[in-house]
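Heads up: the structure comes next, in C-alpha cells.
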Amino acid sequence: MFDRDLWREIFQSINMNKTRSLLSGFTVAFAISLFAILFGIVNGLVNTFDTAFVDDASNSIFINSGTTSKASNGLQAGRRIQFRNEDQDWVKEEFDDKVQYITSRKYLNVTASFRNEKNNYTVRAVNPDHQYLENTNVNYGRYVNESDIKNKTKVVVIGRLVEEDLFLKTTAVGKYINLNGIQYKVVGVFSDDGGDNEERLIYMPISTAQQIYGNNDYVDQINLTYNPELDFDAAIGFGNMLEKKLKNRFMVSQNDQRAIRVRNLASETQIVNQMTGGLGVMVLVIGFGTLIAGIVGISNMMIFIVKERTKEIGIRKALGASPKSIVSIILLESILITIIAGFLGLLLGMGILELAKPTLEDFFITNPSVSWTIVNSALFTLILAGAIAGYLPAKKASRIKPIVALRDD
Amino acid sequence: MLKISKLHKSYPIGDSSLHVLKGIDLSVEAGEMVAIMGSSGSGKSTLLNIIGMLDEADEGEYILDNVPIKNLTEKKAAIYRNKFLGFIFQSFNLINYKSALDNVALPLYYQGLKRKERIEKALFHLEKVGLRDWATHLPNELSGGQKQRVAIARALAANPKLLLADEPTGALDTTTSYEIMDFIQSLNDEGKTILMVTHEEDIANMCKRIVRLKDGVIMEDVFVNQVRASQYV
C-alpha cells in the first residue's frame, strides 16, 4: 500500500510547515535522547558494581589469621595464630556439606628469570581448588593438580603477562623458569578477569612451597567457597558459625576481631545485589517517566496539529477527500516525524554518552551504554503512542463537517 | 439538474432550536445561472451548503443530476462532492502551503488521477483563468483577485456539473469583482450551471435568475435580464 502521491502530500506538508514539524519532532527527539542518556548512566553504575566483584567467585569466604588482641582461656593477648594444613582439613571435615571448594594460600615474593629476562613477581602457593575460587582460566597446559601436591613437584602455572614479560613471543609451557635460584617447570599459562595484577602472578603447589621455603606446614590464608545452593541467610549463618568454631579451636575470645578474620562475600554480594536491584527500579522509573513525558508531548502536539489543520481538512473534504485519506495523511505525517526525530534523538543520546564516557568514569560510571533493543522498544512505544494519540484527533477531524471547518473565524 | 422540495433545516441553539429553512422548493435546469439573495440570517448560505453536501437537511428531498442525495455516508458524500460539485468561497480557501498549481490539482488527486495527468489538467485550467505564469506561486504571493481565480480554476478542475459560489466577490473590490463575474459569466456561456449566494444587487443582476429568501422561505423567484460584467471591465 505504498502510495507515492500520499507520501508526496505528506512530505510537502512536513516541508512547508517546518516550525510545526520541528516542534513536534523536538519533543520526541528530546524524550528519546534523555531516555538513552539516563538509561546509559544507570547501566554504567550497574556495570561498575558488577566489575568490582567479577574477580572472585561471589560465594567466597576468606579466612586470615593474626595476633590475638584479647586474653582468653588463660592465654595472654599478643599470641600469634598460625594456620596449618590440618586446619584446612578440619574446616573441610567440619563443614563438609557446606564447603564447595577449599584451598590454602601461601605468599612469596620472588625474582623470576628466563634466559636474559628478569622481573619480580608474587607467588601464590595453592591447592588445586584455587582455580575455581579465583575464576582462573587456563589458556595453555594445566593448573596445579593433586599429584603435584602429593609429590611436591617443582612446577608453576604462570600468568599471561608473566609469559609475555619473560618468554617474549615464545611459549612458556614445558620450559624451566628460575625463581630465586631454583628451577621450576612451567606447566600452564593462565588468564584472569581480575586485571593486570592478577595476570602477573605465579601459582605453585602449596606443598612444594612449604617444603622449599621453611620446611613446615604453615599456610597464610584459607579460602573457600560455600555450597552455592545455600541462600543468603544460610551462607551468612555458615560464615558466622565457621568464625565461632575456628575461634574455639584456637582458643581465641569470641570478641577478638584481630586473631581470626572471616570475610564472607555473601554479605557483600547481598549489598551489591540490593544496590543493583535499587538501580534497576530507578531505571524503570526513569524509563517510564521519560516515556510518559514523551507520550504526553506527542499527544499535545497531535491535538494542536489537528486543531491547526481543521480548515485545511475542511477544504480537502469539500474537494472530495474521504475520511480515510484525512486520517492517513495526518497519522502518517506524525509517525514519519516521530520515526525521524526518534532516530535523531537516539543518535544524539548515544553520541552524548560516548563523548561523556571518559568523564563519567571518574564518577564510577563504567561503559554507560544502552542496548539497542531497549532503546528501539522505547522508540517503538513512542511511535505507537504517537499513532494512538494522533489517531483519535485525526479521526475526529475527519468527521468534522466541512461547513464547520470552513466557517470564517 | 437539481431539484429540491420541502427542505427543512434547523440548528440547535442552547435548549431551543433555530428553524433556518422552512420548506424550500427549488429546481434548477442545466445551464442556468442563479443568484440566491437575502439578508443575513435568511438561510441563503445554509441552502447553498446543503446543495453542496457540506451540510445535511433535516427533512425534504434533494435530487442532483437524477441522484437522490440522502443519508450519505462520509465516504459517499466525499465522492459526490468530488464528482458533481465545484466550490468557490468568499475567503478563497486555498491551502496556504501549496502552490497555485498544487491547489488546482488537489481535487484531481482525490479523483485518483495520475500525477502527470493532474499537472496537465491543472495547468490547462490555470491557463484558462490567465494565471499559468503564476503556477508555482504560493497563495500569499497572489492578489485577492488572483486567489479567487485560482480557486475558480480549482473548482473547475474536476469538471463538476454544478458550480457553487458563496459570496465569490465578497472579499474583492468592485473592479476585481466585475472581472471575476465576467469570468464566471463566460463559464456559464460555455454551459456550466452556476449557483451563487450574494447580497449585492449588482452582482445578482449579472445572473440570469434571482431567488430571494427571507426567514427561511422563498419570497421571490424571477428571471432577469443578465447584465454583462464585461461592460464594466
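The values are calculated or read from the model by the stated rules, or taken from the named source; none is laboratory data. Being a predicted model, the structure only gives us computed values, none of them experimental. Cβ: placed from backbone, ideal geometry, glycine included. Neighbour counts: every protein chain shown.
Quick notes on this structure:
- Selection of region B:69-99 for residues being modelled with pLDDT of 90 or more and farther than 16 Å from residue A:314 by Cα yields B:84, B:99.
- Filtered residues of region B:29-57 (kept if of a type in the set (D, E, K, R) and away from chain A (no Cβ under 14 Å)): B:29, B:32
- Elements of type helices (runs of 4 or more DSSP H) contained in region A:4-94, each with 3 or more residues being touching a strand residue (DSSP E or B) at 6+ places or on another chain (Cβ under 7 Å): A:85-94
- Flag if residue B:138 is within 13 Å of chain A (Cβ to nearest Cβ), over 27 Å from residue B:49 (Cα atoms) and surrounded by fewer than 19 Cβ atoms within 10 Å (Cβ to Cβ): yes
- If you go through region A:270-306 and pick out every residue that is more than 14 Å from every other protein chain (Cβ to nearest Cβ) and touching a helix residue (DSSP H, G or I) at 6+ places or on another chain (Cβ under 7 Å), you end up with 21.
- In region A:162-272, counting only strands (runs of 3 or more DSSP E) that sit wholly within it, the ones holding 1 or more residues that are charged (D, E, K, R) and within 29 Å of residue A:122 (Cα to Cα) span A:182-191, A:260-264.
- Qualifying residue in region B:93-110 (condition: of a type outside the set (A, V, I, L, M) and more than 25 Å from residue A:14 (Cα to Cα)): no
- Inter-residue pairs, beta-carbon under 7 Å, first touching a residue at least 12 places away in the same chain (Cβ under 8 Å) and in region A:237-248, second assigned to a helix (DSSP H, G or I) and loosely packed, with under 15 Cβ neighbours inside 10 Å, 6+ apart: A:245/A:94
- Meets criteria (over 20 Å from the mean Cα position of the chain (by Cα), surrounded by fewer than 21 Cβ atoms within 10 Å (Cβ to Cβ) and on the phi > 0 side of the Ramachandran plot) for residue B:60: yes
- Residue in region B:84-94 that is within 9 Å of chain A (Cβ to nearest Cβ), within 25 Å of residue B:216 (Cα to Cα) and in a helix (DSSP H, G or I) present: no
- A count restricted to region A:150-176 and to residues that are hydrophobic (A, V, I, L, M, F, W, C) and modelled with pLDDT of 90 or more stands at 4.
- Test: residue in region B:87-102 that is touching a Ser or Thr at 6+ places or on another chain (Cβ under 6 Å) and buried (at least 20 other Cβ atoms within 10 Å of the Cβ): yes
- Meets criteria (surrounded by 15 or more Cβ atoms within 10 Å (Cβ to Cβ), more than 25 Å from residue A:102 (Cα to Cα) and modelled with pLDDT of 85 or more) for residue A:179: yes
- Condition check for residue A:340: away from every other protein chain (no Cβ under 14 Å), farther than 30 Å from residue B:83 by Cα, in contact with a Gly (Cβ under 8 Å, 6 or more places away or on another chain) and surrounded by fewer than 16 Cβ atoms within 10 Å (Cβ to Cβ): yes
- Within the span defined as region A:311-322, one or more residues are assigned by TED's automatic domain parsing to the domain that holds residue A:393, in contact with a helix residue (DSSP H, G or I) (Cβ under 9 Å, 6 or more places away or on another chain) and under 16 Å from residue A:14 (Cα atoms).
- Here A:60, A:33, A:65, A:104 are screened, and the one residue that is under 42 Å from the mean Cα position of the chain (by Cα) and either of a type in the set (A, V, I, L, M) or under 23 Å from residue A:384 (Cα atoms) (or both) is A:33.
- Test: residue in region A:176-186 that is over 30 Å from residue A:67 (Cα atoms) and within 35 Å of the chain's Cα centre (by Cα): yes
- Looking only at residues in region B:142-177 that are of a type in the set (Ser, Thr, Tyr) and under 15 Å from residue B:35 (Cβ atoms), the one that is surrounded by the fewest Cβ atoms within 10 Å (Cβ to Cβ) is B:177.
Here is a yes/no grid of residues against (1) away from every other protein chain (no Cβ under 13 Å); (2) without any contact (Cβ under 8 Å) to a residue 60 or more places away in the chain; (3) surrounded by fewer than 24 Cβ atoms within 10 Å (Cβ to Cβ):
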{"position": "A:308", "(1), (2), (3)": "no, no, yes"}
{"position": "A:312", "(1), (2), (3)": "no, yes, yes"}
{"position": "A:318", "(1), (2), (3)": "no, no, no"}
{"position": "A:322", "(1), (2), (3)": "no, yes, yes"}
{"position": "A:326", "(1), (2), (3)": "no, no, no"}
{"position": "A:329", "(1), (2), (3)": "no, no, yes"}
{"position": "A:335", "(1), (2), (3)": "yes, yes, yes"}
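- For residue B:64, the conditions (1) away from chain A (no Cβ under 14 Å); (2) under 23 Å from residue A:395 (Cα atoms) are fulfilled apart from (2).
- Residue within region A:293-305 that is closer than 30 Å to residue A:82 by Cα and hydroxyl-bearing (Ser, Thr, Tyr) present: no
- Filtered residues of region A:240-254 (kept if under 18 Å from residue A:92 (Cβ atoms), surrounded by fewer than 20 Cβ atoms within 10 Å (Cβ to Cβ) and under 36 Å from the mean Cα position of the chain (by Cα)): A:241, A:243, A:244, A:245
- Only a single item in (1) touching a helix residue (DSSP H, G or I) at 6+ places or on another chain (Cβ under 7 Å); (2) within 12 Å of chain A (Cβ to nearest Cβ) is not met by residue B:128, and it is number (2).
- Criterion (within 14 Å of chain B (Cβ to nearest Cβ), touching a Ser or Thr at 6+ places or on another chain (Cβ under 9 Å) and surrounded by 14 or more Cβ atoms within 10 Å (Cβ to Cβ)) met by exactly one of A:353, A:406, A:382: A:406
- All positions within region A:164-182 that are without any contact (Cβ under 8 Å) to a residue 60 or more places away in the chain, polar (S, T, N, Q) and farther than 16 Å from residue A:116 by Cβ: A:171
- Close pairs from region A:122-146: first at positive phi, partner modelled with pLDDT under 90 and of a type outside the set (D, E, K, R), Cβ under 7 Å, at least 6 apart: A:135/A:57; A:141/A:173
- As a summary of the residue check, residue A:287 satisfies the conditions (1) buried (at least 17 other Cβ atoms within 10 Å of the Cβ); (2) not in a helix (DSSP H, G or I) except for the one numbered (2).
- Residue check, residue B:77 among the hydrophobic types (A, V, I, L, M, F, W, C), within 26 Å of residue B:151 (Cβ to Cβ) and not in a strand (DSSP E or B): yes
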